[in-house]
Amino acid sequence: MPTDCTEALLGTAGTVFFYTAPFRYPHTGCGLLFAHTLERFHGEAGVATPFDSGGLVKCFTRPDPAEPPKEFLARHELPVPDHRRYLALAMRALFHRPEDYIEGMEPHLPGPIGLTGGDQRRWTHEVRLPDQVVVRGHHLQAAFAPRARVIGNPAIKGFFKWCEAEGIDHISFDTPGRSDFEALQRECLAYIRQQLY
């Protein structure tokens, strides 16, 4: 791993990154949605922050630009799964409606951390788990991929067949006139709404 990459600069190399939200990383076409049980399973070693760590290097402005990003990150780490208490408070206090967090809408109040700039990743909780996470396990709740990729990629097609056999939700979708990410995010939001209501 290059020493100047974001993970090396922040000390987050060797971890797997998740959002406690619908898909947020815009250069994504497929996605996996894990149940909250994944956090409990890795509670001893996992950590969360109330923002995307990579944004500290790439697009956010910290309240004190002189504070190194790695120190800012360490100062705002929360234990897993306890960070969800902070998330619940933030969803109620910082947003007009808790659903606004899920839909990626900007909070109407800035919150106590003081980050500015960037996009919805600025207020989206990130969970980092060490080493590896087993994808084909009981924490996987749903898999999402464009229909063309499921049909045209044997590995994705095989994975979706495995999901079907295991009773894991697997959603394939069309991407007419949209980027894969926009369609992925739309399908994930629809799925989450269906699970909540």
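Normalised by the number of residues in region 6-196, the average gap of Cα pairs under 8 Å and 6 or more apart makes the relative contact order 33 percent.
Using just the helices of the chain, give the 222 nm mean residue ellipticity in deg cm²/dmol: DSSP H runs with n ≥ 4 each add -39,500 (n - 2.57), and the total is spread over all residues, rounded to 500.
Details: 9 runs with 74 residues, N = 197.
It lands at -10000 deg cm²/dmol.
Taking the longest Cα principal axis of the chain as reference, the axis of helix 154-166 is set at about 90 degrees.
Residue-wise HN-Hα couplings along region 44-56, as the Karplus relation 6.51 cos²θ - 1.76 cosθ + 1.60 with θ = phi - 60° gives them from phi, are 5, 10, x, 8, 10, 9, x, 6, 6, 4, x, x, 4 Hz; Gly and Pro carry x. Evaluated at q = 0.17, 0.21, 0.22, 0.28 Å⁻¹, the base-10 log of the normalised Debye intensity for region 74-113, with identical point scatterers placed on the Cα atoms, takes the values -0.46, -0.68, -0.73, -0.98. Highest average first, the peptides 151-157, 54-60, 26-32 ordered by how many other beta carbon atoms sit within 10 Å of their residues are 54-60, 26-32, 151-157.
Computed from Cα atoms, the angle from the helix 180-196 axis to the main principal axis of the chain rounds to 90 degrees. DSSP finds beta bridges in region 6-196, and of those with both partners inside it, around 75 percent are antiparallel. Computed from phi, the 3J(HN,Hα) profile of region 114-126 under the Karplus parametrisation 6.51, -1.76, 1.60 (θ = phi - 60°) reads x, 6, 9, x, x, 10, 4, 5, 5, 10, 8, 5, 10 Hz, with x in place of Gly and Pro. The mean of 1/r over all pairs of different alpha-carbon atoms in the chain, once inverted, gives a Kirkwood hydrodynamic radius of 17.9 Å. Pop out the ³J(HN,Hα) list for region 127-132 in order, Karplus 6.51 cos²θ - 1.76 cosθ + 1.60 with θ = phi - 60°, rounded to Hz; leave Gly and Pro as x. Listing the rounded values in order: 10, 10, 10, x, 6, 10 Hz. Highest GNM mean-square fluctuation among His36, His125, His83, for the chain modelled with Cα contacts below 10 Å: His36.
Based on alpha-carbon atoms only, what is the radius of gyration of region 1-79 relative to the globular estimate 2.2 N^0.38 Å? Before the final figure, lay out each step's value.
Working: Rg = 13.6 Å, N = 79, 2.2 N^0.38 = 11.6 Å.
Ratio of Cα Rg to 2.2 N^0.38 Å: 1.17.
Values in this text are rule-based calculations from the coordinates and carry no lab data. Keep in mind that this is a model prediction, so the values were computed, not measured. For neighbour counting, all protein chains shown are included, and Cβ atoms are generated from backbone atoms with ideal geometry for every residue, glycine included.
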